[in-house]
Amino acid sequence: MALQPMIGMEVHVQLATDSKMFCACSTQFGSDPNSNCCPVCLGMPGALPVPNRKAVEYVIRTASALGCTVAERTRFARKNYFYPDMTKNFQISQYDEPLTFDGTIDLNVDGLEEDTGKNLHMPGGTSLVDYNRSGMPLMEIVTEPDFTSAAQCQEYLIRLRQMLRCIGVSSANMDEGAMRCEPTVNVVNSETGEATPKVEVKNLNSIKSVHDAVNYELARQIRSIEDGTTDELFQQTRRWDEANGVTALMRRKESSDDYMYFPEPDLVPMEPDASWVEEIFASCPELPQERCARFCDQYDLPEYDAGVLTDTTELADYYEGVCDLFAGSPKTVSNWVMGDLASLLNERGLVVETGPISCDALAGLLALIEDGSISGKIAKDVLAKMFDTGGSAAEIVEAEGLKQISDTGELDGVIDQVIADNPGPVDDFRAGKEKALGFLVGQIMKATRGQANPGMVNELLRARLSD
């Protein structure tokens, strides 16, 4: 059978506002349970919601990044369901009149709603509910079922998270619940058009979990078709059991009718002002993919380098800051930022914006290599000392006498001594064994503590051995 996966993705993004969607309660992560609550987010009688203007702005900014249309008129609805994490037994959401829609890149619907509380299941069968999260502004990003593999879903989520962080609407930290994913998975017979019932996998909190859950669910459905056990396939909601690497049934999936949507009576329809929308669109920064393409063109970088350097706005800004200060090759800057600097930052659990090496400091180090003051090998040691002491490259090189030896007279003496001490390798080189030269160069570099100019050493040594 010609079975074709059909996967849609629903992503809930917690917006980086200071207050909740319909009240002034704080959105601070990690607060004591139930300390950020008020009559509005707890659904007390007579408490009236007021939409968060910043949350609306962030959804419109996301629409700009995704090429969406912003609705001239939109309204909220009540989504009714009875779970312990919903104090008022309904969620204020957007149903059939979303704020933005028809994205032209990867997505085609953005919606806006409030989050629910968080259930905490304790030993002994006791359950507690923390309502701090209840009322958090959530942006709902829903795709068409355009994905055909778990790998595509993974790449999509990486790019989406990167974009959300770039435009500053969300931290998108999945471990904090700021981005949660719910893929809907089924397969269709491309010859007959018959499709399996849709299965939604709920609240996945890592990109790896999405990848693994989609892979498993596709395999489960295809296996049922091939084994003739299609009675196991029905529209349902499942969860991901990470410990066992399987999806598990939670409940039969509700239809929209089950939620009994109706227009939210406490909120009037919204009509975003056209000039305000234009202002938000104009303020949207250069997006990661656009910046990546520009880095390839402007700095003549390989696509891999440009992709790594534009992974975060802060890293891209840092790279460009060093390039502005350093007169040498942008590829040299890329090599150092992605290599030695990244290694030091990773060892200490830092990123460029929190690390001790400023753009000016790194540019200063690279300038010393460029003008021949120090070798690349010594520069690596100097960078580590800059990291630990906060001193500049020039100060460390001067204080420790690390300046590269480029004086011919001084090098001649060291070369003569190395030749005298190593007659075997000298004879090997003169007999045509090129590798012997590398050994002799190494001995000279060792004798000068790595301070000899490598280029001059090679030139002078070859000339001496050719006499």
Out of MET174, MET163, MET139, which single residue is out of contact with any Leu (no Cβ under 7 Å at 6 or more places or on another chain), of a type outside the set (Gly, Ala, Ser) and under 19 Å from HIS12 (Cβ atoms)?
MET174
Yes/no for TYR81 being at pLDDT below 90, of a type in the set (Ser, Thr, Tyr) and within 27 Å of PHE262 (Cβ to Cβ):
yes
The listed residue being part of a helix (DSSP H, G or I), within 28 Å of TYR319 (Cα to Cα) and in contact with a helix residue (DSSP H, G or I) (Cβ under 6 Å, 6 or more places away or on another chain), out of PHE429, PHE387:
PHE387
Any chance you could count how many residues in the stretch 382-438 are over 30 Å from GLY355 (Cα atoms) and among the aliphatic types (A, V, I, L, M)?
11
For the stretch 368-375, indicate whether the set of residues that are closer than 23 Å to ALA316 by Cα and exposed (fewer than 13 other Cβ atoms within 10 Å of the Cβ) is non-empty.
no
Would you point out the residue of the stretch 18-43, among those that are of a type in the set (A, V, I, L, M) and modelled with pLDDT of 90 or more, that is farthest from the chain's Cα centre (by Cα)?
VAL40
Of the residues ILE225, ILE207, ILE280, which single one is surrounded by 12 or more Cβ atoms within 10 Å (Cβ to Cβ), touching a residue at least 12 places away in the same chain (Cβ under 8 Å) and out of contact with any helix residue (DSSP H, G or I) (no Cβ under 8 Å at 6 or more places or on another chain)?
ILE225
Taking the stretch 194-247 as the search range and keeping residues that are part of a loop (DSSP other than H, G, I, E, B) and β-branched (Val, Ile, Thr), which one is farthest from THR116 (Cα to Cα)?
THR229
Can you confirm whether the stretch 338-347 contains a residue that is at pLDDT 95 or above, over 19 Å from the mean Cα position of the chain (by Cα), outside any helix (DSSP H, G or I) and of a type outside the set (Phe, Trp, Tyr)?
no
Hey, could you check the stretch 180-194 for residues that are out of contact with any helix residue (DSSP H, G or I) (no Cβ under 6 Å at 6 or more places or on another chain) and surrounded by 15 or more Cβ atoms within 10 Å (Cβ to Cβ) and say which is nearest to GLN4 (Cα to Cα)?
VAL188
Selected residue (criterion: farthest from ARG449 (Cα to Cα)) from residues of the stretch 390-404 that are at pLDDT 90 or above and part of a loop (DSSP other than H, G, I, E, B):
GLY390
Of the listed residues (TYR304, TYR299), the one being crowded, with 16+ Cβ neighbours inside 10 Å, closer than 25 Å to GLN162 by Cα, out of contact with any Gly (no Cβ under 6 Å at 6 or more places or on another chain) and without any contact (Cβ under 8 Å) to a residue 40 or more places away in the chain is TYR299
Would you confirm whether or not the stretch 163-178 contains a residue that is over 13 Å from the mean Cα position of the chain (by Cα), among the charged types (D, E, K, R) and either more than 29 Å from GLU314 (Cβ to Cβ) or modelled with pLDDT of 90 or more (or both)?
no
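Every residue, every condition in (1) outside the structural domain of VAL214 (by TED's automatic domain parsing); (2) outside any loop (DSSP other than H, G, I, E, B); (3) touching a Phe, Trp or Tyr at 6+ places or on another chain (Cβ under 9 Å); (4) of a type in the set (D, E, K, R), yes or no:
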site: GLU10; (1), (2), (3), (4): no, yes, no, yes
site: THR17; (1), (2), (3), (4): no, no, yes, no
site: PRO39; (1), (2), (3), (4): no, no, no, no
site: GLU72; (1), (2), (3), (4): no, no, no, yes
Over the stretch 254-281, the set of residues modelled with pLDDT under 95, in a helix (DSSP H, G or I) and not charged (D, E, K, R) is SER256, TYR259
Given the structure, is LEU15 within 30 Å of GLU217 (Cβ to Cβ) and at pLDDT 95 or above?
yes
Can you tell me which residue among GLN443, GLN451 is free of Cβ contacts under 8 Å to residues at least 40 places away in the same chain, outside the structural domain of LEU366 (by TED's automatic domain parsing) and surrounded by 12 or more Cβ atoms within 10 Å (Cβ to Cβ)?
GLN443
How many residues are of a type in the set (Gly, Ala, Ser), farther than 29 Å from MET174 by Cβ and in contact with a Leu (Cβ under 7 Å, 6 or more places away or on another chain) if we restrict to the stretch 210-269?
1
Among all residue pairs at least 6 apart or on different chains, which show Cβ distances below 7 Å where the first residue, located in the stretch 166-190, is without any contact (Cβ under 8 Å) to a residue 40 or more places away in the chain and the second is of a type outside the set (Val, Ile, Thr) and outside any strand (DSSP E or B)?
MET174/ASN205; MET174/SER206; ASP175/ASN205
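The values are calculated or read from the model by the stated rules, or taken from the named source; none is laboratory data. Every value quoted in this text rests on a predicted model; they were computed, and no experiment measured them. Here Cβ is always computed from backbone atoms with ideal geometry, including for glycine, and neighbour counts include all displayed protein chains.
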